[in-house]
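The structure appears below as structure tokens.
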Amino acid sequence: MTPAEGKYNIKAVSKMLGIQPGTLRAWERRYNFMSPVRNVSGHRLYTEQQVQKLKWLLDKINQGFTISQAIELLENHKTETFIEENNQQDRAYELSQHLVHALLRFDEQEAHQLLSQAFTLYSIEKVTIDILGSLLVQVGDMWEKGQITTAHEHFTSAFLRSRIGMIFHTLPVNSYLPTAVAVCCPDESHELGLLIFTLYLRRRGFKVVYLGTGIPEEDVEMVIEELKPAFLFLSCSLTENLQGALKFIEGLQKRKDLAVGIGGPACDQLSDQQYQKIQSYLVGSTKEKWDNWIDYHLSNDV
């Protein structure tokens, strides 16, 4: 499958970019700037290039443009800069696909070589967030659809967990930044998304205590009491675990010196009413959103 073919359904694009599916549909309907192909069931399938255009638009919105201004800029400037950015994304996409294929063949040696190549070509943020992040979405989607076995998913997870851990311990800590604790919600078993976010935090210089999966709520509270972190980040992949996670967050609201954030695929499935209720806790699923959330709380002396 080439980048020009329809590949990502609207759920996958929503997860990758942190945009509600309804927002994507509204943009398409109101501004008529993108027409994803449809599969036999009538569902949208976005190409790699269309996903990159959406990422570009989000970058402009984060810089202060309105969506209409960003789209006008995109339409009026089929610039060499955008073409070059898109070519870079195509190369990164090709590399990520080779990595996926190596992992699904259980070829650990080739996977190591490909990932090392990625780190020589791109920044840590790009490799972990763009390449590995999209890889996780793709492998998770394949597993949910029964296209790969649990063994494939576990092998991929173990490989990435090992490589991310190796990078994590090489990054320096800024002693002027507060401590953060990262943990998966109760009953969660998928931790790689949280690992990528933890690596991002460490890259920014935070001291991060990574607890991972299987930690009871009372143990998390004990860690908070002992370490007194400024941040607690929760990851929730499964929608059935979201209500329990939000109830746990409510119990922590009495701690005025603790900022609690939550992210993960389950947060992309919120209704508009649910989103409005907990939006202050949502850290998002892009680096720009993570930066904005953390910078806001740092500026307010969390």
Sequence-distant lysines (8 or more away, or on other chains) whose Cα lies within less than 23 Å of Lys55: Lys7, Lys11, Lys15, Lys78, Lys126, Lys287, Lys289
Dipole of the chain, positive end: most advanced residue of Asn241, Ile294, Ser41 [Cβ charges, Cα centre]: Ser41
Cβ-based net charge around Phe65, under 12 Å, with every Lys or Arg adding one and every Asp or Glu removing one: -1
Calculated diffusion of the range 83-219, Stokes-Einstein form, Kirkwood radius summed over Cα pairs, 37 °C and 0.692 mPa s, µm²/s: 205
Choice from Val283, Val181, Val173 showing the highest fluctuation, given a GNM over the chain with Cα pairs closer than 10 Å: Val173
Surface/4 estimate of mean projected area, convex hull on alpha-carbon atoms of the range 172-299, nm²: 7.3
Inter-site label distance for His98 and Leu73 at 7 Å from Cα along Cβ, in nm: 3.3
Unit charges on C-beta of K, R, D, E only; dipole of the chain, Debye: 520
For the range 218-268 versus the range 120-186, the gap between their alpha-carbon centres in whole angstrom: 20
Positive-pole candidate from Cys185, Met142, Ser162, dipole of the chain, charges at beta carbon: Met142
Net charge of Cβ neighbours under 14 Å - reference Leu135; Lys, Arg +1; Asp, Glu -1: 0
Cβ charges +1 (Lys, Arg) and -1 (Asp, Glu), total dipole of the range 8-166, debye: 600
Neighbourhood charge, 13 Å Cβ-Cβ cut-off, centred on Gly244 and excluding it, Lys, Arg +1 and Asp, Glu -1: -4
Once the Cα gyration tensor of the chain is diagonalised, semi-axes √(5λ) in Å: 30, 24, 20
Using θ = phi - 60° and Karplus 6.51 cos²θ - 1.76 cosθ + 1.60, couplings along the range 280-289 (whole Hz; Gly, Pro as x): 5, 8, 7, 7, x, 10, 10, 4, 4, 5
Angle between the chain longest axis and helix 150-168 axis [Cα atoms, degrees, rounded to 10]: 70
Per-selection metrics, the range 8-166 (Cα): Rg and Dmax in Å: 17.0, 48
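Readers should treat all values here as calculations from the given coordinates under stated rules, not as data from a laboratory. Just so we're clear, the structure is a prediction, and the values are computed from it rather than from any experiment. In this analysis, Cβ positions are derived from the backbone assuming ideal geometry, glycine residues included, and neighbour counts consider all displayed protein chains.
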